[in-house]
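The values are calculated or read from the model by the stated rules, or taken from the named source; none is laboratory data. Computed from a predicted model, the values in this text were never measured in an experiment. No Cβ is skipped: glycine too gets one built from the backbone with ideal geometry, and neighbour counts run over all protein chains shown.
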Amino acid sequence: MRRIVLYALGGGLVIASLVVFFKPYFPFQNQSPPVALINHDFEERAVGAFDRKSPLKTELAKPFHTLSVTLDRTVQEASLQKLVSELPADLPTLITVQMAVSPGQENGLDDVLRGRFDESIQTFCEALTQRKSEIYLRWNPEMEVPVRLYSWQYQSPVLYIDAFRYFAKRCKTVAPEIKLVWGPAGYPGADEYWPGEEAVDLISITLDGKSEQLATSYPRIANPITAIKRKIHRMRFMDKPLLILASRKEKDDPSLSDSIREAIAEIKKEEHGMNTNLAKKPSALSVAAQGMSKPEIGVYDPKQFLIKSKSVQAEHLFIDLGTIQDGSFAKEFKAVVARNHDAIISMEPWKDRKIRKDTNVLLNTVSGVYDDEFRTVYQLISATTQTVYLRFAHEMEIPIRRYAWQSQDPVLYSKAFRYFMNFDGKTAKNIRRVWGPAGDRGSLEWWPGDDVVDYISVAIYGLPDKNITDPALQESFQTIYDRKQYRMRLVNKPIFVTEFGVKGPEDFQKKWLEEAATVLNAHPEVVGVCYFNLADNPNVWGKIPAPDWRISKPTFDHFVRTLADRR
């Protein structure tokens, strides 16, 4: 008898273990109490509209009826019928849809992709077709805001996109007339979550939503006109009409309509004459880059520990107004050319030795204040047959003030970039124009236009956070590159890694760089890499010692050897 009991207990434990193990893989009925269909998480109202095809139109043709619902794996029929019966017949309806998350789960996106909400999505959409009014479904909005207010935030952009497209396809299959709304807040980095034009009918942005009120990654913009303008500007590559949402409190603000109208008027004025479209097909340079056997190898090596290596093909020079004015740039550039090296020129429009009235370096650029200095640069770099990779005002998107052109208006930056790159008029054949974000979130807000960019540059340093001092905690080249390359996915240009470096003991540096070479071998879109062989500027690291990126010549040579020819 005792043996039977033991067998029974053992069998029960095995069954229980199997249930626990396999539960995530089978659509068992959700055992938690039914989730209420109506929720009050998103009580925004539509307060304006914008369409680049008719940018003067800011008012809504009809007011939107709005509500927010939560879809569980099964839908309560009575609640659904009540909801449908209360929808107005003469007004378009915007329904914000979020998916219920089971206890113990991090998010509901995986469950959507596993088909666990298929039945409820179908039932919900079929019921909505009973109404003759226009139905707009906004699914899991404000996804890009880096807070944890909703379960779908702080998730992989690829996972979110796949789940959005899955939901959209299920809805369209059941009810093709339903319109799908992609609903970012309009926060920096929203483009990373763009699911594609074929899955989206309409875009919405939210003015000062709940998520954004909690966010601290970027400083809040106090001026309402500027805030609205920046949000709309971030959506400029998505060719869809845009709906502007605000909380009920914002809706009651009588000045809100005026702010929207003025913001849109400024957008139309500022973007006049700017080619900010994305490339529709690979450029000639892009096609050529795909056929390169290996990336061009460069160094920033002011102490000249590595530049004598036969592997070095390019040298990086950081120049500013002062070095142009005192002639030191000309001296350094001629030395690079004398070594038969190509040049990577990072033009930093600051450190002016002349007395100027305005310290806004971007405004000074477009106003022609620095024309003499720019003319000197172009005269020098056009007088050689060596290739010159010309980069202007780099890392502009980082919300700090290390450089005078950071934390500035992205439209003004784009105009300054275009002014500088078009300064020569004809652009010598040896010049390659480089747009140089750090590769941080929101980079494309500063995209200056396909016609003035040949290459994109990004910076890859092992430290993800300046407070990290342990070399072993550095991110791998693979992790950083994948993240930054993804952020450039909407821009069809080759990539030049104009700065990269790793700190730590030599054996650690060697291993990190070996992996970097392996990654580069797998990415033919990378046309060049340039190692930053110097300690960083100690003035920007506070009380923490500035990282020393310098490597030995044997470690550098090992990195070069690991770069294989790409067939």
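A few comments on the model shown:
- Qualifying residue in region 217-224 (condition: touching a helix residue (DSSP H, G or I) at 6+ places or on another chain (Cβ under 8 Å) and buried (at least 20 other Cβ atoms within 10 Å of the Cβ)): no
- Among residues of region 128-147, those that are surrounded by 17 or more Cβ atoms within 10 Å (Cβ to Cβ) and either without any contact (Cβ under 8 Å) to a residue 24 or more places away in the chain or at negative phi (or both), counted: 11
- If only residues of region 506-522 that are touching a helix residue (DSSP H, G or I) at 6+ places or on another chain (Cβ under 8 Å) and among the charged types (D, E, K, R) are counted, the one that is surrounded by the most Cβ atoms within 10 Å (Cβ to Cβ) is Lys510.
Results for (1) among the aromatic types (Phe, Trp, Tyr); (2) surrounded by 13 or more Cβ atoms within 10 Å (Cβ to Cβ); (3) assigned to a loop (DSSP other than H, G, I, E, B), shown as yes or no for each residue.
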| site | (1), (2), (3) |
| --- | --- |
| Gly48 | no, yes, no |
| Lys53 | no, no, yes |
| Ser79 | no, yes, no |
| Leu83 | no, yes, no |
| Asp90 | no, no, yes |
| Val101 | no, yes, yes |
| Asp110 | no, yes, no |
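- Tyr389 over 16 Å from the mean Cα position of the chain (by Cα), under 25 Å from Tyr187 (Cα atoms) and modelled with pLDDT of 95 or more: no
- Residues located in region 206-220, provided they are touching a residue at least 12 places away in the same chain (Cβ under 8 Å) and hydroxyl-bearing (Ser, Thr, Tyr): Thr206, Ser211, Ser217, Tyr218
- Within region 410-434, tally of residues that are free of Cβ contacts under 8 Å to residues at least 60 places away in the same chain and of a type in the set (D, E, K, R): 4
- None of Ala330, Ala263 is at pLDDT 85 or above and not assigned by TED's automatic domain parsing to the domain that holds Phe237 except Ala330.
- Qualifying residue in region 414-428 (condition: within 21 Å of the chain's Cα centre (by Cα), modelled with pLDDT of 95 or more and aliphatic (A, V, I, L, M)): no
- Residue match in region 186-205 (condition: touching a residue at least 60 places away in the same chain (Cβ under 8 Å) and more than 27 Å from Ala168 (Cβ to Cβ)): no
- Within region 129-147, one or more residues are over 26 Å from the mean Cα position of the chain (by Cα), closer than 29 Å to Ile228 by Cβ, in a loop (DSSP other than H, G, I, E, B) and charged (D, E, K, R).
Here's the yes/no breakdown for (1) closer than 20 Å to Asp440 by Cα; (2) charged (D, E, K, R); (3) part of a loop (DSSP other than H, G, I, E, B); (4) modelled with pLDDT of 95 or more:
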{"site": "Ala472", "(1), (2), (3), (4)": "no, no, no, no"}
{"site": "Gln485", "(1), (2), (3), (4)": "yes, no, no, yes"}
{"site": "Val497", "(1), (2), (3), (4)": "yes, no, no, yes"}
{"site": "Pro524", "(1), (2), (3), (4)": "no, no, yes, no"}
{"site": "Cys530", "(1), (2), (3), (4)": "yes, no, no, yes"}
{"site": "Lys543", "(1), (2), (3), (4)": "no, yes, yes, no"}
{"site": "Asp565", "(1), (2), (3), (4)": "no, yes, yes, no"}
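Conditions (1) assigned to a loop (DSSP other than H, G, I, E, B); (2) surrounded by fewer than 15 Cβ atoms within 10 Å (Cβ to Cβ); (3) within 29 Å of the chain's Cα centre (by Cα); (4) modelled with pLDDT of 90 or more, marked per residue:
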residue: Leu60; (1), (2), (3), (4): yes, yes, no, no
residue: Thr66; (1), (2), (3), (4): no, no, no, yes
residue: Leu87; (1), (2), (3), (4): yes, no, no, yes
residue: Ile95; (1), (2), (3), (4): no, no, yes, yes
residue: Phe124; (1), (2), (3), (4): no, no, no, yes
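- Screening Tyr150 on (1) free of Cβ contacts under 8 Å to residues at least 60 places away in the same chain; (2) hydroxyl-bearing (Ser, Thr, Tyr); (3) out of contact with any Gly (no Cβ under 7 Å at 6 or more places or on another chain) shows it passes everything except condition (1).
- Residues being loosely packed, with under 14 Cβ neighbours inside 10 Å and not in a loop (DSSP other than H, G, I, E, B) - total across region 182-216: 4
- Residue that is modelled with the lowest pLDDT [pool: residues in region 545-555 that are farther than 27 Å from Val434 by Cα and surrounded by fewer than 16 Cβ atoms within 10 Å (Cβ to Cβ)]: Pro545
- If you go through region 159-181 and pick out every residue that is outside any loop (DSSP other than H, G, I, E, B), touching a residue at least 40 places away in the same chain (Cβ under 8 Å) and not acidic (Asp, Glu), you end up with 11.
- Residue within region 398-406 that is aromatic (Phe, Trp, Tyr) and either within 18 Å of the chain's Cα centre (by Cα) or part of a helix (DSSP H, G or I) (or both) present: no
- Only residues that are β-branched (Val, Ile, Thr), over 27 Å from the mean Cα position of the chain (by Cα) and farther than 19 Å from Ala404 by Cα were counted across region 313-368, and they come to 2.
- Scan region 471-486 for residues that are in contact (Cβ under 8 Å) with a residue 12 or more places away in the chain and over 17 Å from the mean Cα position of the chain (by Cα) and the total you get is 7.
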